[in-house]
Amino acid sequence: MPERTSGPLRVTVIADSDTRWKWGALTARRIDPEARLDARLLRGRATPTPRQLAELGIPADSMSEHTAAELLAEISSKTCDVLVVSCVGGTVQALLHGFDRAWREDDRRPVVVTGYVGVVYEKLADGLLLRAGADVVLANSADDARRFRAVYEGVGHPTGSIVETALPFLDGERYRPDDSRPFTVTFAVQPSVPEGRADRLHLLRRLVGHARRHSDRQVLVKLRSKPGEHTTHIEENPYQKLVSSLDPPENVSLVYGAMGEVLDRTDLLVTVSSTAAMEALHRGVPTAILTDLGIREALGNHHFIGSGCLASWDELDDGVLPKADPDWTAAHGVATGDPYADLRARVNGLLAAGRLPRLSPYYTLRTAPGYLPGVLARHGLDPEGLPAARLAPRETGPMRRAARDLLRNSARTAYRQGVQRVAPAIRRWGQL
């Protein structure tokens, strides 16, 4: 990344999965559509594959894969003006401590932005306090902003970093029924909800039954990843394997690709609690949040209480098309106007301030001595935020680097195969 003397804003996005790259990259574009965008993918089990990145279709001026230690050695005010950390909470916390240590002697440092990738329905306090210390913590709705401020106020942490926006991928044309094509029902699956095989099979059996009952409809199963790939969460029971065992009719199809392109031809979006629901609601697409497995915090569908979208497959079979409550959608990030104006103003104000104060995470060795060291250690950092000696970045030649990458990719493939094939088989044997 070139050092900036003039020219476009330089934004670097650190992401640890395909979904988080999408959120981080689109957030960067909301800050400045003309910015130079550099992608730094954090190496791990969910590092996106080339296919996943191509499917998202968000180009970057540069893209490379790194360890946390390598990122801490590379990124500074010499390489970027704004750093968007789009990672799981523990990773955000480790990077905040690591960058604070790395930039301690610098005259300037990048503005650090972070937030949640989607709907915040679990681990509110845990995830939010792990993100505390960034210059900007994004809330994806007015409801999120209210809850975030309550948490920070409750622990005595400043609330000034919280900025209300909206999910950055909410876009697309307003929904209009199209009689020139079949009525299309899209079931947007999630890698982690529900997790169990029996629950997933129940939803798929009902989907197949819906397709048979409404043979004039096209029923799509929108998948997140192919077998062997990971998104944010590990998936042990891929839907594409389960649906093939149910002998689905011809009007059931499995689809990949960008969610926006699928929504362009969707007349009813069905899901358990996916952020795809927010995309559909933003467009005005009728949206059903399934209640078949109950309304439970573990499923995340409790977030949609009051939305007017809760429905079961029985109701959908009978022709129900849920209608969203406008007051609920307005409070939960499905907004009009420009929800990113405050974000741009905050970032521009920080950039104009010159030297910024040090990053100040809420968790320190004083406030959480039994918790923070473990969080840092999982990302190769010692309790002071320094890379452990064995994980520090090293210069390597092209042959050694190629061998290292081959070994790493082989290990990742073996891990994914173990999660998706070996572990479920062992559990089944244990039940015999």
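The values are calculated or read from the model by the stated rules, or taken from the named source; none is laboratory data. Source: prediction; values computed, not measured. Note that we place each Cβ from the backbone using ideal geometry, even for glycine, and neighbour counts take in every protein chain shown. Please note that ligands, DNA and RNA were not included when accessible areas were found on the heavy atoms of the full protein model with its side chains. Shrake-Rupley method; radii C 1.70, N 1.55, O 1.52, S 1.80 Å.
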For this session: Hey, can you tell me all the residues within region 240-257 that are open to solvent by 30 Å² or more (accessible area, probe 1.4 Å) and either assigned to a helix (DSSP H, G or I) or hydrophobic (A, V, I, L, M, F, W, C) (or both)?
Result: K241, S244, S245, L246, L254
Exercise. In this structure, does G374 turn out to be surrounded by 11 or more Cβ atoms within 10 Å (Cβ to Cβ) and at pLDDT 95 or above?
Worked result: yes
For this session: Taking R355 as the residue in question, decide whether it is out of contact with any helix residue (DSSP H, G or I) (no Cβ under 7 Å at 6 or more places or on another chain), surrounded by fewer than 19 Cβ atoms within 10 Å (Cβ to Cβ), among the basic types (K, R) and more than 22 Å from T27 (Cα to Cα).
Result: yes
Seminar exercise, completed: Residue set G98, G89; condition touching a His at 6+ places or on another chain (Cβ under 9 Å), closer than 30 Å to G374 by Cβ and not basic (K, R); output residue G98
For this session: Enumerate the pairs (first residue in region 268-290 and more than 17 Å from Q190 (Cα to Cα) and of a type in the set (G, A, S); second residue anywhere and open to solvent by 10 Å² or more (accessible area, probe 1.4 Å) and not in a helix (DSSP H, G or I)) with beta-carbon separation below 6 Å, excluding pairs fewer than 6 apart on the same chain, so at least 6 apart or on different chains.
Result: G284/R174; G284/Y175
Exercise. What are the residues in region 135-153 that are touching a residue at least 40 places away in the same chain (Cβ under 8 Å), over 18 Å from the mean Cα position of the chain (by Cα) and closer than 23 Å to L170 by Cβ, if any?
Worked result: A142, D143
Exercise. Taking the stated definitions as given, is A198 aliphatic (A, V, I, L, M), farther than 24 Å from N140 by Cα and open to solvent by 50 Å² or more (accessible area, probe 1.4 Å)?
Worked result: yes
Exercise. Taking region 29-46 as the region of interest, how many residues are crowded, with 20+ Cβ neighbours inside 10 Å and closer than 20 Å to R378 by Cα?
Worked result: 4
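The rows are residues; the columns are (1) in a loop (DSSP other than H, G, I, E, B); (2) touching a Ser or Thr at 6+ places or on another chain (Cβ under 6 Å).
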| position | (1), (2) |
| --- | --- |
| A280 | no, yes |
| A298 | yes, no |
| K323 | yes, no |
| V334 | yes, no |
| R344 | no, no |
Exercise. Across region 274-291, what is the number of residues that are closer than 22 Å to M259 by Cβ and open to solvent by 10 Å² or more (accessible area, probe 1.4 Å)?
Worked result: 8
Problem set entry | Residues satisfying the stated conditions in region 154-177, i.e. in contact (Cβ under 8 Å) with a residue 60 or more places away in the chain, open to solvent by 50 Å² or more (accessible area, probe 1.4 Å) and not β-branched (V, I, T) | E164, D171, E173, R174, Y175, P177
Seminar exercise, completed: Of R10, R51, R30, R20, the only residue that is in contact (Cβ under 8 Å) with a residue 40 or more places away in the chain and within 19 Å of S274 (Cβ to Cβ) is R20
For this session: May I ask you to say which residue of A54, A25, A73 is open to solvent by 30 Å² or more (accessible area, probe 1.4 Å), part of a helix (DSSP H, G or I) and farther than 30 Å from P369 by Cβ?
Result: A54
Seminar exercise, completed: Taking region 109-134 and the residues there that are crowded, with 16+ Cβ neighbours inside 10 Å and small (G, A, S), the one that is nearest to the chain's Cα centre (by Cα) would be G118
For this session: May I ask you to list the residues in region 155-196 that are of a type in the set (D, E, K, R) and in contact with a Pro (Cβ under 8 Å, 6 or more places away or on another chain)?
Result: E164
Problem set entry | Filter pass, G333 being open to solvent by less than 60 Å² (accessible area, probe 1.4 Å) and at pLDDT below 95 | yes
For this session: Take L269 and decide whether it is under 17 Å from L201 (Cβ atoms), open to solvent by less than 20 Å² (accessible area, probe 1.4 Å) and either of a type outside the set (A, V, I, L, M) or not in a helix (DSSP H, G or I) (or both).
Result: no
For this session: Tell me which residues, restricted to region 300-321, are part of a helix (DSSP H, G or I), of a type in the set (A, V, I, L, M, F, W, C) and closer than 15 Å to M278 by Cβ.
Result: F304
